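Structure first, commentary second.
Each reported figure results from applying straightforward, stated rules to the coordinates on display, with no laboratory input. Being a predicted model, the structure only gives us computed values, none of them experimental. Neighbour counts are summed over all protein chains in view; Cβ atoms, including those assigned to glycine, are modelled from backbone coordinates with ideal geometry.
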Amino acid sequence: MKHISIAIDGPAGAGKSTIAKKVAKDLGFIYVDTGAMYRAMALYFIQNSIKAEESDRIEAACDHINVSIQYENQVQQVLLNGENVNHLIRTDEVGQMASASSVNAKVRLKLVELQRCLAADSNVVMDGRDIGTYVLPDADIKIYMTAGVKERAARRYSEYADKGIACDVLQIEKEIRERDERDMNRDFAPLKQAEDAIYLDTSELTIDEVVARIKDLYKNKVEV
């Protein structure tokens, strides 16, 4: 039986993870959080005092890293060398390291194999920067999701504020622009819209509206 895959790509703060989780839940698919996998690797680098520019050390460290995803009571658990690191990977420091280290080809290749195996074994919704262009080029549905930089910064600011995390919206906007620049200009599998992906600007849309649009695409393209 062929499994269905939905690929959602886009820049930081576009709402990919929030949307992908809801779509997966509604369709009964497995949500594969590729960003969390890169963050787990980034956490290892930070814990071992490896800097983003130390490409040789990063590549050497890859041989000692195992990242996996498990589900317990329908809740995703990200495991770094067997340890649940869900509570450690959502900081700004880890996010910046994940973006910086993901330009390294060995880091990406380390995780792509696992991501492809998950898609081969299950119906999945997968979000990231290069899912439709590189990780799952044959995905059944491809979405390129984005929003204006200021809107993305405002969303991230609200997210942090709701968690009681002190932050500055202008600094967040600056960091998002820097991440966009890195992600779009890296040599290996840069962030870009796949030729057969549907462009979706969420700046003026609610979460439920975006989810509904993707579910409609699923019904029209897969269930027909």
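Kindly provide the GluC sites (Glu not before Pro) of segment 164-224 that DSSP labels as loop, not H, G, I, E or B, and whose Cβ sees at most 16 other Cβ atoms within 10 Å.
Here the sparse-neighbourhood loop sites are Glu195, Glu204.
Ordered by packing density, taken as the mean number of other Cβ atoms within 10 Å over each peptide's residues, highest first, how do 77-87, 14-24 rank?
Peptide ranking by packing, descending: 14-24, 77-87.
Taking the number of other C-beta atoms within 10 Å as the exposure measure, put Leu27, Leu136 in order starting with the fewest.
Leu27, Leu136
How far is it, in nm, from the label point at Asp121 to the one at Asp196 when both lie 7 Å from their Cα along the line to the Cβ?
Here the modelled spin labels are 2.6 nm apart.
Sequence neighbours fewer than 8 away in the same chain don't count; with that in mind, list the lysines whose C-alpha is under 17 Å from Lys219.
Leaving aside lysines fewer than 8 places away in the same chain, those within reach of Lys219 are Lys2, Lys22, Lys25, Lys142.
Taking the alpha-carbon centroid of each part, what is the distance from segment 36-81 to segment 162-201 in angstrom?
So the separation of the two Cα centres works out to 20 Å.
Can you classify segment 107-192 as rounded, prolate or oblate using the Cα gyration tensor, where a ≥ b ≥ c are the square roots of its eigenvalues, rounded means a/c under 1.5, and otherwise it's prolate if a/b beats b/c and oblate if not?
In terms of gyration-tensor shape, prolate.
Which whole-Hz couplings ³J(HN,Hα) result when phi for each residue of segment 80-90 is put into the Karplus expression 6.51 cos²θ - 1.76 cosθ + 1.60, θ = phi - 60°, listed in order with x for Gly and Pro?
Running phi through 6.51 cos²θ - 1.76 cosθ + 1.60 with θ = phi - 60° gives 10, 6, x, 9, 5, 10, 3, 7, 10, 9, 9 Hz.
Sort His3, His64 so the one with the fewest other Cβ atoms within 10 Å of its own Cβ comes first.
If I rank by nearby Cβ atoms, fewest first, I get His64, His3.
Only bridges whose two residues both fall in segment 1-157 count here: according to DSSP, what percent of them are antiparallel, nearest 5?
40
Once a ≥ b ≥ c are taken as the square roots of the eigenvalues of the Cα gyration tensor of segment 49-165, is the result rounded (a/c under 1.5), prolate (a/b larger than b/c) or oblate (a/b not larger than b/c)?
rounded
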